[in-house]
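Worksheet for the structure shown next.
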Amino acid sequence: MSRAARRLLASRLRALRETTFPVKITQEALATALGKGKPLSSAAISMWENGEVDKWPSESRLVQYALIFSSARGIGLSAPPTDVSTLDKPARIRFHRLRTELLELRDSAEREAKQERGAPDPLGGNELWQHDRAEKVYVVAPELSPESAAADGGRGYVRLARYGDLDAFFEMFVALTRMGYRNLSHRSAREPGIDTARHLVLLGGPAGNPLIRTFFHLLDLPFEQPEVASGAPERFRLADGTPVLPAVLGERQVVEDVGLFVRAANPTNPDTDVTICGGSHTYGVLGAVHLFTNPRLGADNVAVVRERLGGTRGFAVLFRVKVIDGRVPPPRLPGSIIDCVRL
């Protein structure tokens, strides 16, 4: 990825030091002037002036830069100003312009670095997965019903034994790991300690994952999953009340399920997002996981959404999921779409 923004900030800082005053300022002298009694090494100045290193001054340091290099020409660093009120009117104008310029350059450098850290891997990433790979992400699986959890009388308990939709959970966790996410945590839906202001990936349906019902409400989704009895398939209903049902042969063989994928800004923290992978049966949940993480088809499916909606920041897609002898091939859009809407 290009380092243009980071190099531009670095070169501007170097130019200020070398060309502002009649005599070029050394890195040591600038470090002393910026330190204000707190030690600041010349190595820090050197790093800030190196566009190949992702280090740059804090906002407060850049304000100091603007103060120093907006003072009257020829003063140099012999008596660096400590406050804008000590500057004359022309210098104050230079200060405000330089401060704005430097802060904008810093913001551009940070955005560029963040995009690079969040760049998708070549093995299946796409523009949906552009987070900073160091940011916290919670993958929240549905929790088995009390009846299922108690089926063995509590013997042989392990944490994952509480999780429902294990195939979908496993596939999602592996996909995120493959794409370079380094700060993943997983929980069952009723475990404590889920920070809902973080990036969330919610799996399952409202019956097993109450967080999904909460976010259905907060996001005002155009689809519903009405309450069902424990163990019953979770059916979808469109905004006009039309039910969307899986295709079942006989009484039990599901040959086509219904999946739901939602990506939206997190209502509890707009700097993060929430992803929902749901379905009528577990097949649909697994299909929703595959939809945008599959290495071969994920990017193509994203392109279909962009063609329809023009963007992928917030959308929901309800789609059909083929089930072949109990297996779920990755869904292909647009042929499987039931409804696709912008959020």
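Brief remarks on what is shown
- Enumeration of residues in the range 237-252 that are surrounded by 14 or more Cβ atoms within 10 Å (Cβ to Cβ) and within 18 Å of ASP220 (Cβ to Cβ): ARG237, LEU238
- Some residue of the range 286-309 being on the phi > 0 side of the Ramachandran plot and not aliphatic (A, V, I, L, M): no
- For the range 181-227, filtered to residues that are surrounded by fewer than 17 Cβ atoms within 10 Å (Cβ to Cβ) and small (Gly, Ala, Ser), the residue that is farthest from VAL244 (Cα to Cα) is GLY193.
- Among the conditions (1) open to solvent by 70 Å² or more (accessible area, probe 1.4 Å); (2) without any contact (Cβ under 8 Å) to a residue 40 or more places away in the chain; (3) over 18 Å from the mean Cα position of the chain (by Cα), ASP271 misses just one, which is (3).
- When we screen GLU256, GLU251, GLU227, GLU191 for residues that are at pLDDT 90 or above and either out of contact with any Leu (no Cβ under 9 Å at 6 or more places or on another chain) or farther than 19 Å from PRO142 by Cβ (or both), the only hit is GLU256.
- Residue in the range 296-315 that is more than 28 Å from the chain's Cα centre (by Cα), more than 24 Å from VAL139 (Cβ to Cβ) and free of Cβ contacts under 8 Å to residues at least 60 places away in the same chain present: no
- Annotation: GLU234 fulfils all but one of (1) within 23 Å of the chain's Cα centre (by Cα); (2) of a type in the set (Asp, Glu); (3) surrounded by 15 or more Cβ atoms within 10 Å (Cβ to Cβ); the unmet one is (1).
- Here ALA33, ALA4 are screened, and the one residue that is under 25 Å from GLU116 (Cα atoms), touching a helix residue (DSSP H, G or I) at 6+ places or on another chain (Cβ under 9 Å) and open to solvent by 10 Å² or more (accessible area, probe 1.4 Å) is ALA4.
- Look at (1) within 21 Å of LYS322 (Cβ to Cβ); (2) touching a residue at least 12 places away in the same chain (Cβ under 8 Å); (3) open to solvent by 20 Å² or more (accessible area, probe 1.4 Å) and you find that LEU291 fails only one, number (3).
- All positions within the range 299-327 that are part of a loop (DSSP other than H, G, I, E, B) and out of contact with any strand residue (DSSP E or B) (no Cβ under 6 Å at 6 or more places or on another chain): GLY310, GLY311, THR312, ARG313, ASP325, GLY326
- Looking at the range 18-109, the helices (runs of 4 or more DSSP H) lying wholly inside it that each contain 2 or more residues that are modelled with pLDDT of 85 or more and more than 39 Å from the chain's Cα centre (by Cα) sit at 27-35.
- Any chance GLY279 is farther than 22 Å from GLU227 by Cα, of a type outside the set (D, E, K, R) and either at pLDDT below 95 or surrounded by 15 or more Cβ atoms within 10 Å (Cβ to Cβ) (or both): no
The values are calculated or read from the model by the stated rules, or taken from the named source; none is laboratory data. Owing to the predicted nature of the structure, the values given are computational and were not obtained by experimental measurement. Neighbour counts run over all protein chains shown; Cβ positions are idealised from the backbone, glycine included. We work out accessible area using only protein heavy atoms, side chains counted, and drop any ligands, DNA or RNA first. Shrake-Rupley method; radii C 1.70, N 1.55, O 1.52, S 1.80 Å.
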